[in-house]
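To start, the structure under review is shown below, and the notes come after it.
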Amino acid sequence: MAATIPQIDSEVQKQYAQFVANFFKSAFDARNAGKKLVWMAYYLPSELCYALDAVPFYPEIWGGVCARQGIVLKYLEAAESFGYPRELCSATKSAAGMALSGEAPPPDAVLSTQPVCDGGMKVHELVAVRYKCPHFFIDVPYTKDKNGIEYLTGELEGALKFLTESFGTELSEARLKKVVELSKRAEELHLEVNELRKKKPSPLLSLELFGQYFFPCSFLGGTQAAIDFYAMVAEVAKRRIKEGNVLEEKYRLLWAPLVPQSFLSILQWLELEYKAKVVMEMVGYAPKIEMDAAKPLESLARKTLEARFPSLGNGPGVLNLDRYREIVKDYDIDAVIYFAHWGCRTICSAVKMVKDLLREEFDVPMLVLDGDIFDPRNNPVEQARARVEEFFEMLE
Amino acid sequence: MLVAGVDVGSLTVKAVILKDGEVAATTTLITGDDAATAARTAINEALKSLAERGVSATLDSLDYVVATGVGRKEVAFAHEVKTDVRCDAVGARHLFPSVRTVVDIGAESCKVIRLSKKGRVEDFTANDKCASGTGMFLDTLAKVIGVGVEKLGELSLKAKEPAKISSMCVVFAESEVISYIHKKTPVEDIIAGVHESISNRIFGMMNRVGIEKDVALVGGVARNVGVVRALEARAGENILVPEAPQIAGALGAALIAAKACEGGA
């Protein structure tokens, strides 16, 4: 059977859209539903909330959804009117703008942390002040060894204690273990999906799942919804392979580390124009994580330290180069597209290090695209297309 | 065999006609607001000069046309379009076979391209964030200084103490230049300062892709000897500049067209 181009409004795409909508609807409905809402830095495990039947809200991720819908500017402008500089990361600024404009669900508590950046950490302080709600800072180490895991386990224990005291509730150990069990299963399924993406040609489309691989595990970790999502994606991938309905590919790409919402159209264009498929993203890569429901907080500590995008910005950049090595080898990457988000020192400062690594160890070329992750005022899509054309002409 | 390369830039359109692999005619015109018409006119002008030397041809009779430049996609009559990066590389390499680093400074863009020993494009970078380091930057500041852009190069060579232009943004650089004018700073020093500012910006881009000898400078700004000298001083390298640097991209396009005719594109 000849391969046809699976539509981007495929089953995966539709379910993902519903998935995201439900996730954020639960946050906006939390108060009416009598549930506590916790604003969280996107590094932190959602399982902490689900263990307490609370609802997590990740403002930077909501900022991304708003960017995709073309409505993020009001948050950015609110933050800039308050005094935040134009050059600051738009993800951070969108979170600040939400708090300042009051157009986001009000938190009952705030959990913050220091990775990936100072801005992300400080903005959660602003949120806590703005809403006059309790705030707890989780100190995340960058070492993934025994000491690092033990330390973070203690920090997460402190966070749970803070939440139970703030909410006047009791933690159910059984519920916590159940949540971690669900989280573990979602991680396993995510690994299975990523194994399927190693196939040549890769059965999933760039745009279809871009940025979605990490979402369920990161923000709905500990829920049945995340498990159902990954199971569905794996099923779709297997079916396409079985039916031979997989889009042809000439170039296998790694996209790093993030994609701006306004660049999504580029992904499909890459597939159609150059047969260049994004077979892995830095945020979509799932390392194998040892999780044991009998040791729930230790499991969450391990997961947090291996977290997807944030782990790339935690600690010295050189520690994260191994992940590039693994992906390039495991997914047989031909080229890397690296989006250098202007507002992010972490991302921009790693450009040379990553580029040199790819060239010296793998002879894999890397295209650097400049722009802003959310801000539509700083996203020259046509310029990016021109750079992509030059890049692929170079590869030919 | 008659082929053409046409480089549709933001300010000028350049055409090169090759006859049996040799440059037979070239033209440079203002692009204006209609890239397609400008490209057609540029080739027709080149063909006209060719006719004066007894070679009669029309655009339709050309064996192959390759378009490049920012407006390349508007050139409907082209058989093929190629990016500036590829065409600059091919053109510069043809002019200087030893070249490994090509710097192209056009009206609104600047690019640095690194080539392999065999001339294959290995890496490149372009100015995506601002107009500093481009012809437009020079043009704007020349107007403020009150000197024709074509005179900037020679004047800057007379500078004794180049002014410090620290702003990368053309608007802020303009303010700096105005303040130097108010301080009665010699105009030669101001211009040299502007050239140094551009060379600093380009040098950073060169380092980003890695400098390999030899280095060639192409694009319209390469006609400014002041920029060439400033870049040589900054990079510590001798920089090769072709006689007509602005047509290097169109030449590359024409060479690609010739190769396509030979069946080797």
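The values are calculated or read from the model by the stated rules, or taken from the named source; none is laboratory data. Here the structure is a predicted model, which means the values were calculated and not measured. All Cβ positions, even for glycine, are placed from backbone atoms using ideal geometry, and neighbour counts span all protein chains on display.
Among the residues of region B:42-84, which ones are surrounded by 18 or more Cβ atoms within 10 Å (Cβ to Cβ), without any contact (Cβ under 8 Å) to a residue 40 or more places away in the chain and aliphatic (A, V, I, L, M)?
B:Ala42, B:Ile43, B:Leu47, B:Val81
Just to be sure I understand, how many residues within region B:91-115 are within 11 Å of chain A (Cβ to nearest Cβ) and either modelled with pLDDT of 95 or more or part of a strand (DSSP E or B) (or both)?
Of the residues in that region, 4 qualify.
Answer yes if at least one residue in region A:300-309 is acidic (Asp, Glu) and assigned to a helix (DSSP H, G or I), and no otherwise. Walk me through how you get there before you give the answer.
Kept after step one, since they are acidic (Asp, Glu), are these residues of region A:300-309: A:306.
Checking the rest, the ones that are also assigned to a helix (DSSP H, G or I) come to none.
No, because not a single residue in region A:300-309 is acidic (Asp, Glu) and assigned to a helix (DSSP H, G or I).
Results for (1) assigned to a loop (DSSP other than H, G, I, E, B); (2) assigned by TED's automatic domain parsing to the domain that holds B:Thr140; (3) on the phi > 0 side of the Ramachandran plot; (4) within 12 Å of the chain's Cα centre (by Cα), shown as yes or no for each residue.
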{"residue": "B:Leu217", "(1), (2), (3), (4)": "no, yes, no, yes"}
{"residue": "B:Val221", "(1), (2), (3), (4)": "no, yes, no, yes"}
{"residue": "B:Gly226", "(1), (2), (3), (4)": "no, yes, no, no"}
{"residue": "B:Ala233", "(1), (2), (3), (4)": "no, yes, no, no"}
{"residue": "B:Glu237", "(1), (2), (3), (4)": "yes, yes, no, no"}
{"residue": "B:Leu251", "(1), (2), (3), (4)": "no, no, no, yes"}
{"residue": "B:Leu255", "(1), (2), (3), (4)": "no, no, no, no"}
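Which residues, taken from region B:77-90, are more than 10 Å from chain A (Cβ to nearest Cβ) and among the aliphatic types (A, V, I, L, M)?
Scanning region B:77-90 gives B:Ala78, B:Val90.
Is it true that A:Val336 is at pLDDT 95 or above and within 14 Å of chain B (Cβ to nearest Cβ)? Before you say what the answer is, go through the steps one by one.
On the way: at pLDDT 95 or above: yes; within 14 Å of chain B (Cβ to nearest Cβ): yes.
Answer is yes for this residue.
Sort through A:Val129, A:Val140, A:Val110 and tell me the only one that's touching a residue at least 40 places away in the same chain (Cβ under 8 Å), in contact with a His (Cβ under 9 Å, 6 or more places away or on another chain) and over 24 Å from A:Val328 (Cβ atoms). Please lay out each step first, then the result.
On the way: A:Val129 fails: touching a residue at least 40 places away in the same chain (Cβ under 8 Å); A:Val140 fails: in contact with a His (Cβ under 9 Å, 6 or more places away or on another chain).
A:Val110 is the lone residue from the list that is touching a residue at least 40 places away in the same chain (Cβ under 8 Å), in contact with a His (Cβ under 9 Å, 6 or more places away or on another chain) and over 24 Å from A:Val328 (Cβ atoms).
Of all residues in region B:18-74, which are in a helix (DSSP H, G or I) and among the small types (Gly, Ala, Ser)?
The first filter runs over region B:18-74 and keeps only residues in a helix (DSSP H, G or I), leaving B:35-51, B:59-61, B:72-74.
Scanning region B:18-74 gives B:Ala35, B:Ala36, B:Ala38, B:Ala39, B:Ala42, B:Ala46, B:Ser49, B:Ala51, B:Ser61.
Would you check if B:Ile165 is surrounded by 20 or more Cβ atoms within 10 Å (Cβ to Cβ) and either under 18 Å from A:Glu390 (Cα atoms) or not assigned by TED's automatic domain parsing to the domain that holds B:Arg208 (or both)? Outline the logic, then answer.
Details: surrounded by 20 or more Cβ atoms within 10 Å (Cβ to Cβ): yes; either under 18 Å from A:Glu390 (Cα atoms) or not assigned by TED's automatic domain parsing to the domain that holds B:Arg208 (or both): no.
The answer is no for B:Ile165.
Cβ-Cβ below 6 Å, separation at least six or inter-chain, first residue in region A:144-155 and assigned to a helix (DSSP H, G or I), second at pLDDT 95 or above and aliphatic (A, V, I, L, M): which pairs?
Correct list of pairs: A:Ile149/A:Ala301; A:Leu152/A:Ala301; A:Thr153/A:Leu297; A:Thr153/A:Ala301; A:Glu155/A:Ile138.
Since A:Tyr285 meets every condition but one in (1) in a helix (DSSP H, G or I); (2) of a type in the set (Ser, Thr, Tyr); (3) under 23 Å from A:Val193 (Cβ atoms), which condition does it not meet?
(1)
Return the residues of region A:345-363 that are within 12 Å of another protein chain (Cβ to nearest Cβ) and either in contact with a helix residue (DSSP H, G or I) (Cβ under 8 Å, 6 or more places away or on another chain) or closer than 23 Å to A:Gln383 by Cα (or both); say none if nothing qualifies.
Our first condition is that a residue be within 12 Å of another protein chain (Cβ to nearest Cβ); within region A:345-363, this holds for A:348, A:351-352, A:355-356, A:358-360, A:363.
Scanning region A:345-363 gives A:Cys348, A:Val351, A:Lys352, A:Lys355, A:Leu358.
Go through region A:364-396 and give me each residue that's more than 10 Å from every other protein chain (Cβ to nearest Cβ), farther than 30 Å from A:Ala96 by Cβ and assigned to a loop (DSSP other than H, G, I, E, B).
A:Val364
With region A:20-118 as the region, which strands (runs of 3 or more DSSP E) entirely inside it contain at least 3 residues that are within 19 Å of A:Pro216 (Cα to Cα) and modelled with pLDDT of 95 or more? Give the steps one after another, and end with the answer.
Details: elements: A:37-40, A:55-57, A:109-113.
Counting at least 3 such residues, we get A:37-40, A:55-57.
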